[in-house]
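Contents: one structure, followed by commentary.
Laboratory data are not the source of any read-out in this text; all were calculated from the coordinates shown. Owing to the predicted nature of the structure, the values given are computational and were not obtained by experimental measurement. Using ideal geometry, Cβ is built from the backbone for each residue, glycine included, and neighbour counts are taken over all protein chains shown.
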Amino acid sequence: MLAEIGQFSLIVALLIAVIQVTLPMIGATRGKRSWMAVGIPAGRAQFIFVAVAFGCLAYLFVTNDFSVLNVASNSNSQLPVHYRLAATWGSHEGSLLLWTLILGFWTLAVTLFSGHLPKEMVARVLSVMGSISVGFLLFLLLTSNPFIRLSSPPSDGGDLNPLLQDPAMVLHPPMLYMGYVGFSVAFAFAISALIGGRLDANWARWSRPWTTVAWTFLTGGIALGSFWAYYELGWGGWWFWDPVENASFMPWLVSTALIHSLAVTEKRGAFKSWTVLLAIAAFSLSLLGTFLVRSGVLTSVHAFATDPKRGIFILCFLGIVIGGSLLLYAWRAKQVGLGGNFDLVSRESFLLTNNVLLAVAAASVLLGTLYPLFIEVLGMGKLSVGPPYFNTIFVAVMVPAMFLLGVGPTARWKKASLPELAVRLRWAFAASAIAGIVIPFLVSGWKPRVSLGLSLALWIVITAAVSLWERLKNGMGPQPRSYYGMQLAHVGVAVLIAGITLVTGYQAEKDVRMDIGDTVNLGGYDFRFNGVTEVAGANYLAGRAEIEIIRNGRMVRTMYPEKRVYNASGNALTETAIDSGLFRDLYLSLGEPVGQNRAWSVRVHYKPFVDWIWAGAVLMMIGGGLAASGRRYVKPAGKQRKVES
Amino acid sequence: MRFAIPFVIFLLLVVFLAAGLLYDPHEVPSPLINKPAPAFQLAQLHEPGKTFSPQEMRGQVWLLNTWASWCVSCLEEHLVLADLARSGDVPIYGLNYKDKRENALALLRELGNPYVLSVLDTDGRVGIDYGVYGVPETYLIDKNGLIRFKQIGPVTREILDKTILPMVTELNQ
Amino acid sequence: MKRLAVVLAIFSCFRLFASDNRELEKRVMALSRQLRCLVCQNETLADSQAELAADLREQIREQMKAGRNDKEIVAFLTDRYGDFVLYRPPLKPRTYVLWFGPFLLLGGGLFALYRSLKRLGS
């Protein structure tokens with residue numbers, strides 16, 4: 001019954017979405033108030049029906065209804081209830097339904113928080129978002145229906161992929177989608193503006209909080225994915241430049257550029273067409289990412305549904321949405337206007353330079369990700385583009401950007417002077433350069449890359465402090481929340497860079513066969529292996545090792561890395577044991593039994609400062625949240641504020 | 001008109017992505033096409049006292065098929081190979097890859113032997129020389145000992161009729 | 001325990017440990033880390049426990065023992081499996097766009113920005 005209700009709900013949602021697309025847009029063109037007003041109730045109703053459908057699917061999973069194909073393929077009665085719930089979005093179909101639900105949620109948010117916007121704009125925005133909803137609902141109903149029933153249901157299900165039976169993996173898709181889908185709002189604002197043929201500074205001001213919130217979620221989603229890969233996959237790595245990781249990283253880079261570009265457009269009414277292009281690009285890359293993951297076009301860890309039929313549908317959808325918006329852009333961007341007045345050397349120009357760097361970084365990631373495809377289609381053979389390429393190019397492009405991160409916030413709006421900046425920042429430069437050279441010696445020995453990374457990280461932090469000190473000294477009073485948000489986010493970047501630099505420079509690992517009682521030494525710690533015992537979990541059987549960590553003769557902690565085999569699927573999985581610390585992680589991974597007498601292969605990693613990577617991401621998220629919640633946005637629009645920030 | 005540039009770039013991208021849907025990202029094409037088939041001298045499966053080397057096949061067009069008793073996909077192509085062997089269009093020689101002799105013999109006894117003869121590549125070294133990464137893989141080798149075509153995965157009737165046999169005819173002229 | 005071990009051996013894609021010579025092993029692993037496994041294509045040759053990966057690591061080990069350098073061993077592998085095994089795309093005419101593209105893009109972008117800013121100012 002519920003599956004049928006769920007499917008019916010989706011059909012109703014689709015019909016409502018069609019209304020949401022057509023009436024408001026026509027109304028805005030013809031000036032019909034009543035038609036424009038339809039957008040709001042339509043958007044809300046569409047969300048409700050999608051939510052009902054999602055609720056139905058979730059209920060089917062929690063109650064183990066194996067007559068539904070999706071439940072039978074992705075769940076199991078032995079699965080703990082919270083993972084049965086998470087299995088709702090553990091498959092291609094379920095995650096698409098989640099995507100559609102979150103789109104409905106953002107639509108609802110727009111209907112609730114747009115009271116101060118012109119009616120034509122709201123109507124167009126809802127119409128554009130509705131068109132995305134239509135696309136996804138059609139995709140669900142035509143090719144990826146989660147509610148298909150089985151004629152002869154099995155007694156039990158196939159189980160949720162053990163890799164997904166994990167808290168971080170449960171949160172990762174929702175957070176990621178909150179980001180991806182959130183950019184549809186900025187996208188819709190941009191399309192609206194192009195259609196309306198008018199773009200002023202207000203447009204930028206309205207778009208900013210939506211974009212910042214979406215960016216915050218995306219940052220969290222990516223960080224979660226990276227963190228999960230680190231503690232779950234057992235290799236100690238946290239970023240592989242895998243196509244699917246890149247698919248999430250590109251929108252992140254572009255949306256970071258967008259946030260900063262919106263600042264310039266709001267401030268000066270300048271570079272509007274560039275900002276609009278970025279808004280289109282950010283969401284387009286989100287959609288492109290969705291395509292890449294589900295079409296089987298690229299070799300990737302993530303292989304979702306590798307079904308060419310689905311690939312064709314998404315590609316057509318991409319073609320219409322992105323192609324349509326870029327055509328609109330080609331036609332209307334000129335009308336959107338130039339405007340704005342600022343010097344060649346000014347905060348605006350520094351922001352825009354960073355925009356170029358971020359855009360080039362995103363383009364390079366796209367190039368590297370798709371290059372194997374290009375070469376193959378052109379008949380030039382088959383090659384791989386892996387971490388060595390991405391690390392080289394990305395770092396090369398980002399180093400100048402990180403340097404500018406220190407200069408930009410300190411520079412004056414509209415007109416800045418390089419000599420003056422040099423004077424104000426000379427001590428910051430000296431301090432970060434010297435500390436960057438000295439610190440590596442104190443840690444573990446000098447390495448040029450560590451020096452560079454640390455110098456940049458310190459540069460960002462010290463210049464932020466200088467900027468804050470100058471403001472307080474000049475009696476500018478308490479700073480707006482958005483200022484602290486910005487500084488915190490930038491400091492988060494610095495912490496991230498420091499973590500990456502130090503762990504990459506000084507990490508160590510040992511891969512050894514250990515008999516009972518054997519000890520291995522790494523990073524100043526001794527690790528003693530006390531054997532492996534068999535342990536049964538809720539839905540798995542595990543070999544659990546006991547390893548003692550000893551430092552200076554004193555026992556620090558006992559760790560229990562496991563090798564699990566899940567009952568339903570027979571899949572094997574490594575559960576690493578990690579001792580986290582502010583300054584280092586000790587990371588243990590159990591390999592295989594070796595030989596006859598109960599010896600196992602064990603991998604021990606020493607990871608200095610690795611948690612700073614995710615701490616940095618958390619700081620960025622807090623910064624983003626602060627910036628989005630600033631007074632200038634929460635208070636309704638009145639006169640344009642003159643407060644600098 | 002520079003505002004049209006993003007659209008044009010996107011169009012190109014879509015063309016490539018559409019083409020990409022036709023390809024299998026896991027398939028690794030061989031760099032050995034039109035290059036000499038790597039030399040080897042291995043013991044024969046049925047007569048271990050004798051050896052076989054590709055050199056002996058100079059002047060003939062032939063197929064080298066990698067197979068193993070543990071290989072499930074190989075069963076898929078077995079019927080096709082059996083038909084081919086019966087028709088005599090092109091001789092098939094087997095490279096028994098990382099297998100045990102008893103198991104290999106047992107399989108051929110049970111399912112029939114489409115091969116003129118098979119050689120034992122027990123440690124897989126010759127397989128590596130041929131760029132084997134997933135049995136079954138089949139190589140079409142011409143009169144001069146050059147590899148002209150490699151089929152990755154089971155040989156289907158369609159591939160045989162549409163690609164392999166026409167090439168055999170061409171190479172035999 | 002035995003059941004666990006057998007199932008693990010069949011289903012796991014994690015690699016088995018090393019040999020005796022520590023230094024040689026380090027070299028083998030360092031090189032293997034830069035190469036793609038052809039069976040478990042999302043793993044490096046170092047991490048994969050596919051049989052072919054073990055065979056190829058053995059090949060690498062033997063060749064290193066025989067005194068060959070990294071470049072020669074990589075050539076051995078690319079001759080047989082193509083450039084697909086390399087995570088670092090080699091610099092060849094067909095990868096010029098890949099390696100130089102970003103820098104050309106950067107130069108072009110910065111130049112375009114400069115022009116726009118100048119136009120704005122005037």
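Listed values for the range A:131-145 are Karplus-derived 3J(HN,Hα) couplings in whole Hz (6.51 cos²θ - 1.76 cosθ + 1.60, θ = phi - 60°), namely 5, 5, 4, 4, x, 5, 5, 4, 4, 4, 5, 8, 10, 9, 6, and x replaces Gly and Pro. For chain B, the relative contact order comes to 28 percent (Cα pairs under 8 Å, sequence separation of at least 6). Candidate cross-link partners of B:LYS150 among the lysines, defined by an alpha-carbon separation under 20 Å and a same-chain spacing of 8 or more, comprise A:LYS382, B:LYS35, B:LYS98, B:LYS162. Counts of other chain beta carbons within 10 angstrom of each beta carbon in peptide B:4-17 average 6. Sequence-distant contacts, meaning Cα pairs under 8 Å at least 6 residues apart, place the relative contact order of the range A:504-630 at 22 percent.
What separates the Cα centres of the range A:210-227 and the range A:250-264 is a distance of 13 Å. In the protein assembly as shown, taking the dipole from charged Cβ atoms about the Cα centre, the farthest positive-side position among A:PRO209, C:ALA53, A:MET402 is held by A:PRO209. Taking the fewest neighbouring Cβ atoms within 10 Å as the starting point, the ordered list for B:ILE141, A:ILE460, A:ILE312 is A:ILE312, B:ILE141, A:ILE460. Its relative contact order, with pairs defined as Cα atoms under 8 Å and 6+ residues apart, puts chain A at 12 percent.
A simple charge model with +1 on the Cβ of Lys and Arg, -1 on the Cβ of Asp and Glu and nothing else charged puts the dipole of the range A:511-609 at about 180 debye relative to its Cα centre. Inter-chain neighbour count for C:39-52: the average number of beta-carbon atoms from partner chains within 10 Å of each residue's beta-carbon is 3. Taken as Cα centroids, the range B:82-152 and the range A:473-506 sit 63 Å apart, rounded to the nearest whole angstrom. Fewest neighbouring Cβ atoms within 10 Å first, the residues A:TRP35, A:TRP99 line up as A:TRP35, A:TRP99. Counting only residues at least eight positions apart within a chain, or on another chain, the lysines with an alpha carbon under 22 Å from that of A:LYS607 are A:LYS447, A:LYS510, A:LYS563, C:LYS26.
Around the amide H of A:ASN567, modelled in the peptide plane, lie the amide H atoms of A:TYR540, A:LEU541, all under 5 Å away and 5 or more residues distant in sequence or on another chain. Taking the charge dipole of the range B:34-172 about its Cα centre, with +1 at Lys and Arg Cβ atoms and -1 at Asp and Glu Cβ atoms, the residue from B:ASN172, B:ALA85, B:ALA68 reaching farthest to the positive side is B:ASN172.
Assuming charge only on the beta carbon of Lys and Arg (+1) and of Asp and Glu (-1), the dipole of chain B about its Cα centre is about 360 debye to the nearest 20. A convex hull fitted to the Cα coordinates of chain A yields 175 cubic angstrom per residue.
For a straight C-alpha distance cut-off of 19 angstrom, the lysines reachable from A:LYS32 (same-chain residues fewer than eight places away being disregarded) are A:LYS119.
Put simply, when A:594-601, A:607-614, C:73-80 are sorted by average Cβ atoms within 10 angstrom per residue, most first, you get A:607-614, C:73-80, A:594-601. Across peptide A:324-332, the average count of Cβ atoms from other chains found within 10 Å of a residue's Cβ is 4. Separation of the range A:61-76 and the range A:582-602, taken as the distance between their Cα centroids, equals 36 angstrom. The 3J(HN,Hα) values that the Karplus relation (6.51, -1.76, 1.60; θ = phi - 60°) gives for the range B:124-133 are, in residue order, x, 5, 5, x, 4, 4, 8, x, 6, 10 Hz. Gly and Pro appear as x. Amide H contacts under 5 Å for B:LEU117: B:GLY94, restricted to partners 5 or more places along the chain or on a different chain, H placed in the peptide plane at 1.01 Å from N.
Applied to the range A:195-207, the Karplus parametrisation 6.51 cos²θ - 1.76 cosθ + 1.60 on θ = phi - 60° returns per-residue 3J(HN,Hα) values of 5, x, x, 9, 9, 10, 4, 4, 4, 5, 5, 5, 5 Hz, with x for Gly and Pro. Panel order for B:CYS71, A:CYS316, C:CYS37, by other beta carbons found within 10 Å of each beta carbon, from fewest to most: A:CYS316, B:CYS71, C:CYS37. In this structure the amide hydrogen of A:GLU592, modeled in the peptide plane, comes within under 5 Å of the amide hydrogens of A:SER601, none closer than 5 places in sequence on its chain. With helices as the sole contributors, the protein assembly as shown gives -19000 deg cm²/dmol at 222 nm; each DSSP H run of n ≥ 4 counts as -39500 (n - 2.57), and the sum is divided by every residue. Placing +1 on the Cβ of every Lys and Arg and -1 on the Cβ of every Asp and Glu, with nothing else charged, gives the protein assembly as shown a dipole about its Cα centre of roughly 4720 debye.
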